[in-house]
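Visitor: Supplied in structure tokens, the structure appears directly below.
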Amino acid sequence: DILQRLDLDSNLLRGQTYDGGANMDGAFNGCQAVMRRTNPLAMHFRCAAHTTHLVAQYAVDADRLIQESLQWVQELGKLYKRSTKFNNVFQSISLEDNDVHVPTTAIKPLCPTRWLSRHASVLSVVNQYEVVLKALYEMSRTSSSDTAVKAGALYDKFGAGLTLLGLRIALSVTGPLHELNRTLQARSQTISGMLQSVNTVKESLCGM
């Protein structure tokens, strides 16, 4: 329906990329199979960027320390998003501690599906770690509300060195994969360029 409404000729749709879901990638009834019945010359590829996201997911899931550290980032992001008071405390401390020319970065919950989008969320926490600790401590002292209790519990978790260690380990993996993901989706990218980028990142990660 969309192809018809946009007046796109299916005979010209030669290169197609899909994720690994059966509804898209299925050999018989997947979208790619339906398209190839209309246009047998259409070439089907598994989306390289999506595969990179899966690599990041499997790498992170393999380590319990990283899993737990990311869970605390998720809880911090929820607190930042839901509590206006904590948001104000965080902004105030950030302005006091940082240079006026350094913008404050919002703390966001982790994206549940696009794993490499988590890189920016984790990087934001690591780069503002002292501000995060001070804001959580100040928030925990304001009252006996559920939000204050939550802030106190998160302060204990982020105050532990293992959490910061877990986040830095996560960044050492997601950082190169995040850059690779951007490279793979470049408009001017070629197959040979993609393979070269993948091999470069692979050598870098294997040499860690």
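The values are calculated or read from the model by the stated rules, or taken from the named source; none is laboratory data. For clarity, every value in this text was computed on a predicted model and none was experimentally measured. Every residue, glycine among them, receives a Cβ derived from its backbone with ideal geometry; neighbour counts consider all protein chains shown. All accessible areas refer to the heavy atoms of the entire protein, side chains included, with ligands and DNA or RNA removed. Shrake-Rupley method; radii C 1.70, N 1.55, O 1.52, S 1.80 Å.
Residues are listed down the side, and each one gets a yes or a no for (1) under 18 Å from Glu75 (Cβ atoms); (2) among the aliphatic types (A, V, I, L, M):
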| position | (1), (2) |
| --- | --- |
| Ser143 | no, no |
| Phe158 | yes, no |
| Leu162 | yes, yes |
| Asn181 | no, no |
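Visitor: Within segment 149-162, can one find any residue that is farther than 19 Å from Ser69 by Cβ, surrounded by fewer than 17 Cβ atoms within 10 Å (Cβ to Cβ) and at pLDDT 90 or above?
Guide: Our first condition is that a residue be farther than 19 Å from Ser69 by Cβ; within segment 149-162, this holds for 149.
Still in the running and surrounded by fewer than 17 Cβ atoms within 10 Å (Cβ to Cβ): 149.
If we keep only those that are at pLDDT 90 or above as well, we get 149.
Yes - at least one qualifying residue is present in segment 149-162.
Visitor: Consider Ser144 carefully, then state whether it is open to solvent by 20 Å² or more (accessible area, probe 1.4 Å) and either free of Cβ contacts under 8 Å to residues at least 60 places away in the same chain or more than 28 Å from Tyr58 (Cα to Cα) (or both).
Guide: Working: open to solvent by 20 Å² or more (accessible area, probe 1.4 Å): yes; either free of Cβ contacts under 8 Å to residues at least 60 places away in the same chain or more than 28 Å from Tyr58 (Cα to Cα) (or both): yes.
In short, yes.
Visitor: Still on this structure, please answer the following. If you check Leu177, Leu195, which single one turns out to be aliphatic (A, V, I, L, M) and farther than 20 Å from Tyr58 by Cα?
Guide: On the way: Leu177 fails: farther than 20 Å from Tyr58 by Cα.
Only one candidate qualifies: Leu195.
Visitor: Could you list, in sequence order, all residues of segment 135-156 that are part of a loop (DSSP other than H, G, I, E, B) and touching a Gly at 6+ places or on another chain (Cβ under 9 Å)?
Guide: Result: Arg141, single match.
Visitor: Would you check which residues across segment 97-134 are at pLDDT below 90, open to solvent by 20 Å² or more (accessible area, probe 1.4 Å) and touching a Gly at 6+ places or on another chain (Cβ under 8 Å) and list them?
Guide: Within segment 97-134, Lys108, Pro109, His119 qualify.
Visitor: Going by what's in this entry, would Leu162 be described as within 23 Å of Ser94 (Cα to Cα) and aliphatic (A, V, I, L, M)?
Guide: no
Visitor: Follow-up. Which is more than 19 Å from Val125 (Cβ to Cβ) and touching a residue at least 60 places away in the same chain (Cβ under 8 Å), of Leu13, Leu41, Leu54, Leu3?
Guide: Leu54
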